[in-house]
Every structure is written in C-alpha cells, then in structure tokens.
1. Failed condition for GLY282, given (1) within 16 Å of ligand 1 (Cβ to nearest atom); (2) at pLDDT 95 or above, with all others met?
2. Six or more apart or on different chains, Cβ under 6 Å: which pairs go from a residue in segment 226-247 that's assigned by TED's automatic domain parsing to the domain that holds ARG166 to one that's within 16 Å of ligand 2 (Cβ to nearest atom) and part of a strand (DSSP E or B)? Could you list them?
3. Does any residue in segment 139-152 that is part of a strand (DSSP E or B) come within less than 6 Å, Cβ to Cβ, of a residue that is among the aliphatic types (A, V, I, L, M) and near ligand 1 (Cβ under 6 Å from one of its atoms) six or more places away or on a different chain, and which pairs are these?
4. Which condition number does ALA83 fail, the rest of (1) surrounded by 21 or more Cβ atoms within 10 Å (Cβ to Cβ); (2) touching a residue at least 24 places away in the same chain (Cβ under 8 Å) being met?
5. Only one of (1) on the phi > 0 side of the Ramachandran plot; (2) part of a helix (DSSP H, G or I) fails for ALA217. Which number is that?
6. Enumerate the pairs (first residue in segment 1-30 and assigned to a strand (DSSP E or B); second residue anywhere and within 16 Å of ligand 1 (Cβ to nearest atom) and among the polar types (S, T, N, Q)) with beta-carbon separation below 8 Å, excluding pairs fewer than 6 apart on the same chain, so at least 6 apart or on different chains.
7. Are any residues in segment 185-198 among the polar types (S, T, N, Q) and surrounded by fewer than 24 Cβ atoms within 10 Å (Cβ to Cβ), and if so, which ones?
8. Looking at this structure, is GLY201 within 14 Å of ligand 1 (Cβ to nearest atom) and surrounded by fewer than 17 Cβ atoms within 10 Å (Cβ to Cβ)?
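The values are calculated or read from the model by the stated rules, or taken from the named source; none is laboratory data. Just so it is clear, the structure is predicted and the values come from calculations on it, not from any experiment. Note that we place each Cβ from the backbone using ideal geometry, even for glycine, and neighbour counts take in every protein chain shown.
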Amino acid sequence: MSTQSILLGGVEAGGTKFICGVAAADGVIIDQIRIPTTSPDETLDAVAAFFVDAQSRHGQISALAIVSFGPLSLKADAPDFGAITSTPKPGWSDVNLLARLRRRLDVPMTLDTDVNGAAVGERLFGSGQGLESFCYVTVGTGVGVGVMIDGAPHGGANHPEAGHIRMPRAKGDETFSGVCPFHGDCLEGLASGPALQARWGAAAETFYHDHPAWPMAAEYIAGLCTNLTYTLRPERIIIGGGVMQPHMYDLVRQALVRQLGGYDASLRGLDMKTYIAAPTAGVSAGLIGAWALAYRSVTGTWPKGWATQGHDQIEVEMVDATGIEPVTPSV
Ligand SMILES: Nc1ncnc2c1ncn2[C@@H]1O[C@H](COP(=O)(O)OP(=O)(O)OP(=O)(O)O)[C@@H](O)[C@H]1O
Ligand SMILES: [Zn+2]
C-alpha cells in the first residue's frame with residue numbers, strides 16, 4: 001500500500017474521556033473528537049459513529065489502534081481478547097472494546113494499554129526520543145506503567161500491571177489500609193491521587209509543598225523505580241500524572257538514590273536528572289501513540305518525521321467536575 005493512501009484511526013480510551021482521531025500517514029490530523037466516558041453502550045456507539053462518519057468523508061481507514069485503560073485482555077487467542085476485564089470503573093468490567101467496535105466498523109484493529117500508547121508517543125515526540133528501552137509511568141487516579149523494550153511496547157503474555165506491585169511501607173505509614181479495591185495497599189493503593197486523598201483527608205491538589213504526603217508518595221514511587229531499574233534496566237523512567245507535580249521529581253530522585261543503596265557502578269553513575277524525567281510529548285501523547293501503532297500495523301515500521309504541528313490542538317483537555325484544570329508537569 002502506498003503511504004499516501006493510508007488513513008490512520010486512533011482512540012485513547014480513558015476513564016473520563018475517549019479521544020478519537022483520524023490522521024494521514026504523515027501524522028497530520030484530519031479529524032478528531034472528544035467523547036465523555038459514560039456507559040459502555042453510549043460511549044462506544046459514539047466512537048463507532050465518529051469513525052463511520054469519518055470514513056464517509058475521508059475514505060477507508062487502513063487501521064485503527066485503541067490504547068485503553070484496563071486491565072485488558074491482550075492475548076490474541078484468548079476468548080475475551082479485546083476486553084476490559086476487571087476494572088473498578090462501574091459498568092466497564094468485561095466490556096469487549098474490539099468486539100463492540102467491530103460490529104460497526106470493518107477496519108483492522110489493534111489494542112494496547114494507555115500507558116504503552118503514551119510511551120510510543122513519548123518516543124516519537126517527547127522524553128523517549130532516541131531511546132530503545134524506557135518506562136513510562138503515570139501516577140494519577142491510578143498508577144500505570146508502560147514499557148518500551150528494544151524499540152517496541154512490551155505486552156508480555158498479557159497486560160502487565162506494575163502499578164499494583166507490593167511496596168515496603170514508608171516510615172510513618174504503617175497502618176493505612178490503602179485504597180486499591182483488589183489489593184488494598186499495593187502501590188496504587190498507597191500512592192495514587194485517591195490514595196493520598198484517603199490517607200490525608202484532603203485532595204492532593206490542596207497540599208502545600210512541605211506537606212508530609214509528598215516525600216511519602218515519592219518514597220513509594222521511587223520504590224517502583226527501584227524495581228523497574230533492577231528488573232528492566234531502562235535507559236530512562238518518564239513519570240507523569242496529576243500526582244507528579246514539579247517539586248516531586250527531585251523527591252523521587254533523592255529517594256531512588258537512597259533505595260539503590262550505591263549498588264553497582266553503572267547505577268551509581270546514573271544521571272538522575274535525566275534518568276527520572278517528566279513527559280514532554282504533551283497531553284495528546286496517547287492518541288499520537290495510537291496512530292503510530294496503527295501505522296506500524298499497516299507498514300511494519302514506526303513512522304518517521306512526523307511533525308508535531310497541530311498536535312497541540314488535539315482536544316484533550318477537559319475541566320473535571322470539581323473545576324480543577326488538568327495539570328501537565330513540566331520539569
Ligand atoms: N495539582 C495537583 N496536585 C496534586 N494532585 C493532583 C493535581 N492534579 C491532579 N492531581 C491528582 O491526580 C489524580 C488525577 O490524575 P490525572 O490528572 O493524571 O488524571 P487521570 O488521567 O484520571 O489519571 P490516570 O493517569 O490514572 O488515568 C487525582 O486523584 C488528583 O487528586
Ligand atoms: Zn492494586
């Protein structure tokens with residue numbers, strides 16, 4: 001297929017919104033929409049209708065990639081392949097994203113995690129440029145980890161969930177039971193935004209910089225980084241999400257140095273300023289990552305030379321119910 005005729009579909013499926021878009025093979029945006037996440041029927045009908053309409057106006061979409069919250073069934077030969085499995089999000093457990101969209105759309109589809117999608121976006125335009133192996137972590141409503149290994153997003157045998165690893169308790173945090181509905185005091189149960197709210201009795205947005213919640217959350221996030229460092233030895237760990245406010249980066253770096261304990265000369269030589277980095281691809285990294293995954297599924301290669309022009313206009317921002325603007329850390 002000549003790349004001129006390629007049309008890419010992308011969906012970034014999130015707990016509050018689904019961002020859908022169509023792009024040309026050179027990454028230029030042709031069409032986009034933001035759909036609030038309500039019931040699965042209503043939301044997925046609107047997603048399918050957007051792509052049906054886009055096809056009627058722009059022509060056949062070559063491939064559609066969906067990057068989604070999960071956990072997801074990602075094993076192609078599993079009976080529930082394409083489904084969100086056991087999410088705490090009401091109504092969305094056992095919803096098969098791929099099957100439902102296929103009912104309305106005759107387009108080759110691929111599915112990956114939202115964090116792997118963001119990692120692909122960061123590799124194209126952000127803090128992962130030039131890197132073959134790195135991790136993308138988000139600490140927000142949940143804790144998610146995307147992993148890029150040798151230039152490809154890592155899926156494992158199925159959806160990895162490093163946000164739910166077990167952590168040693170931080171000093172002074174021995175009794176909080178954690179908020180993960182499945183594990184209580186896993187990492188997400190201890191360090192996500194809702195965990196901080198439950199632990200300290202107020203939303204993290206209201207904490208001053210010297211609030212004890214920050215070093216404690218940094219200790220847990222550094223614990224994740226310690227484990228990722230020893231298991232995967234990434235070139236970089238990119239960390240974003242609402243909890244990662246600018247002052248958190250140095251706290252995480254300092255805690256990580258402490259936790260690594262001076263082990264191994266190559267780790268002692270790590271430049272923490274670049275090893276622990278903020279995302280820089282912008283809020284549209286996930287959708288751009290989805291387009292790149294769609295491009296790769298058609299051509300077998302990653303896109304090269306996509307310009308960021310226009311990508312900052314992707315309509316992803318939404319003011320949440322409490323009126324607090326989403327924040328993208330820039331460190
Ligand atoms: N300025 C802030 N300071 C501290 N915490 C914040 C701030 N903004 C958002 N948060 C926390 O981050 C959480 C929301 O995370 P985020 O903004 O990354 O959205 P999300 O996309 O819903 O999360 P996720 O990455 O899990 O999908 C909330 O629990 C909120 O308390
Ligand atoms: Zn958990």
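1. Only one criterion in (1) within 16 Å of ligand 1 (Cβ to nearest atom); (2) at pLDDT 95 or above is unmet by GLY282, namely (2).
2. Once the first residue is assigned by TED's automatic domain parsing to the domain that holds ARG166 and sits in segment 226-247, its partners that are within 16 Å of ligand 2 (Cβ to nearest atom) and part of a strand (DSSP E or B) give ILE239/VAL137; GLY240/THR138; GLY241/THR138; GLY241/VAL139; VAL243/VAL139; MET244/VAL139.
3. VAL139/VAL243
4. (2)
5. (1)
6. Pairs that qualify, where the first residue is assigned to a strand (DSSP E or B) and the partner is within 16 Å of ligand 1 (Cβ to nearest atom) and among the polar types (S, T, N, Q), are VAL11/SER68; GLU12/SER68; ALA13/THR37; ALA13/SER68; LYS17/THR37; PHE18/THR37; PHE18/THR43; ILE19/SER284.
7. Filtering segment 185-198 down to residues among the polar types (S, T, N, Q) leaves 192, 197.
GLN197 - this is the single residue of segment 185-198 that is among the polar types (S, T, N, Q) and surrounded by fewer than 24 Cβ atoms within 10 Å (Cβ to Cβ).
8. Values: within 14 Å of ligand 1 (Cβ to nearest atom): yes; surrounded by fewer than 17 Cβ atoms within 10 Å (Cβ to Cβ): yes.
Answer is yes for this residue.
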